[in-house]
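Everything below concerns the one structure shown next.
The values are calculated or read from the model by the stated rules, or taken from the named source; none is laboratory data. This one's a predicted model, so the numbers in the text were calculated from it and none came from an experiment. When we count neighbours, we look across all protein chains shown, and the Cβ atoms used for this are built from the backbone with ideal geometry, even at glycine.
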């Protein structure tokens, strides 16, 4: 299949059109969508991934097998041995996009002969397409609804199967929407909530020849409502729900990346960093959309440069929080700021000590002690020299946060900068 500058071998496997001998200078393949060809393999080089094929059919009527294709080996390049000249190929593509069999069957036959002759004679013979009328294919119009959970979300469309009662045949339908991504399969419940319905309407046309389904077209007003704003609202809701969820028990680690945090069971059956959000993006969205007591502290910490080889991490217990790593002249400082908390926790280690992975593990152990014993008990035990004496530990309280007379944030920032040595 040719689709948006890609040569597709299945619904998930493709290579760029530039990795083929398609005439990209003469034809804009970025505008070509869902054009199917039937090809036969002439040769394949496993060492380079180069595939050589002959085009057998430029206008296949049955494309049901495309979804089941799966190359045995990676394909890095494809060459079409009997590719028509650019002018002839453009005719074929234009004809396909207008709707096969709906313009002129005789023209289709003539265009198909181009590749057939080139396969056998090595060079196409000059042949003018005949523009005479041919009977139009039978068409069946259908209106129905589909449960979104019964449809598959692909790159740029949803696909589903439906029985055509008058034919007693199962047909495959596709509703296009450029905003759709395969990852949205993981957030169908959010789509249902945002759309306000579990089902979507479909207006479909089934094209039939000699009692067999040759093609289908489908549209849906509800699927058309999925746009950038709706997707953005889902991303916001999902991220804010993550920050508001209380995780209790069953978690044997304390620090999480953006990939790991979305794999936690905060939504049943809806795991994964679907929107490929970075840690900084998650923090920024929470600060923009949520009411956060310690907003100024988090904004300031997010503006500090992360130490080399580190990334912002999240904690889930006792509350949702952020662990920043900031490098001073002598020490590396791990700054723990819980969402809507009343204090900032700082553990500091010598820069010339363990590698960063071991340092993170050490801080994770300290946070685990806080979780198990409670913050007050941990602070008391540390100051009594009972625990974590290999760490330099400090607490900065968020004082006078709501005072109209005292600038509590300035005091907090001054104290923090004093500690970042």
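Structural remarks
- Of the residues making up segment 357-371, none is assigned by TED's automatic domain parsing to the domain that holds residue 407, surrounded by fewer than 17 Cβ atoms within 10 Å (Cβ to Cβ), in contact with a strand residue (DSSP E or B) (Cβ under 8 Å, 6 or more places away or on another chain) and modelled with pLDDT under 90.
- Considering segment 31-42, and only residues there that are touching a strand residue (DSSP E or B) at 6+ places or on another chain (Cβ under 6 Å) and more than 16 Å from residue 82 (Cα to Cα), the residue that is surrounded by the fewest Cβ atoms within 10 Å (Cβ to Cβ) turns out to be 35.
- As a summary of the residue check, residue 385 satisfies the conditions (1) outside any loop (DSSP other than H, G, I, E, B); (2) surrounded by fewer than 17 Cβ atoms within 10 Å (Cβ to Cβ) except for the one numbered (1).
- No other residue among 161, 185, 117 is assigned to a helix (DSSP H, G or I) and at pLDDT 90 or above apart from 185.
- Taking (1) in contact (Cβ under 8 Å) with a residue 24 or more places away in the chain; (2) under 22 Å from residue 275 (Cα atoms); (3) touching a strand residue (DSSP E or B) at 6+ places or on another chain (Cβ under 6 Å) in turn, residue 227 satisfies each apart from (3).
- Residues (under 11 Å from residue 3 (Cα atoms) and either at pLDDT below 85 or surrounded by 17 or more Cβ atoms within 10 Å (Cβ to Cβ) (or both)) located in segment 20-30: 29
- Residues located in segment 7-18, provided they are surrounded by fewer than 18 Cβ atoms within 10 Å (Cβ to Cβ) and at pLDDT 90 or above: 16, 18
- Screening residue 302 on (1) surrounded by fewer than 17 Cβ atoms within 10 Å (Cβ to Cβ); (2) free of Cβ contacts under 8 Å to residues at least 24 places away in the same chain; (3) closer than 20 Å to residue 414 by Cα shows it passes everything except condition (1).
- Residue that is modelled with the highest pLDDT [pool: residues in segment 389-421 that are assigned to a loop (DSSP other than H, G, I, E, B) and within 15 Å of residue 300 (Cβ to Cβ)]: 420
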